[in-house]
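Trainee: Have a look at the structure that comes next, please.
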């Protein structure tokens, strides 16, 4: 979502869908990262932090799934404003293999590292 001005000078909040590299995953027992490819077709292509701030860009991420054990629907939604978007970084991998076992460390869920 971003703030735009109409020809008449009215403020308008326009929502855009960002196509994902993979829109669904049949099983996320290991992990899954939601990714949008930033190329010439992306609304984020060649945008700087200042552009996102000026246009009041917000990323709204909504996920829907099913809990494997209870078969209960699970919903998650998070809003990222321009100040939350960090250039040149990626999320830390929360999945580690140790002694032949996989460990999911959700304490690292919000951590980022330089690319």
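Just so you know, all these numbers are worked out from the coordinates, no wet-lab data involved. Keep in mind the model is a prediction, meaning the values are calculated, not measured. Glycine gets a Cβ as well: all are built from the backbone with ideal geometry, and neighbour counts include every protein chain shown.
Trainee: Sorted by packing (mean other beta-carbon atoms within 10 Å per residue), highest first, where do 92-102, 33-43 land?
Mentor: Going from most to least packed, we get 33-43, 92-102.
Trainee: In bins 10 Å wide, starting from 0, what share of all Cα pairs of the chain does each bin hold, as a percent?
Mentor: Spelled out bin by bin, the chain gives 10, 34, 33, 16, 5, 1, 0 percent.
Trainee: Quote to one decimal, in nm, the extra length available between residue 38 and residue 75 on full extension: 0.36 nm per residue of separation minus the C-alpha distance between them.
Mentor: Working it through step by step, the gained length comes to 10.7 nm.
Trainee: Relative contact order of the chain, please, whole-number percent, based on alpha carbon pairs below 8 angstrom and at least 6 residues apart.
Mentor: Values: 131 pairs, mean separation 20.1, N = 115.
This gives 17 percent for the chain.
Trainee: Multiply the residue gap between residue 17 and residue 107 by 0.36 nm, knock off their C-alpha separation, and tell me the result in nm, one decimal place. Provide the component values of the computation, followed by the final result.
Mentor: On the way: separation 90, 0.36 × 90 = 32.40 nm, distance 2.96 nm.
Between residue 17 and residue 107, full extension yields an extra 29.4 nm.
Trainee: Can you give the calculated 222 nm mean residue ellipticity of the chain, where each DSSP H run of n ≥ 4 adds -39,500 (n - 2.57) and the sum is split over every residue, rounded to the nearest 500 deg cm²/dmol?
Mentor: One gets -1000 deg cm²/dmol as the mean residue ellipticity at 222 nm.
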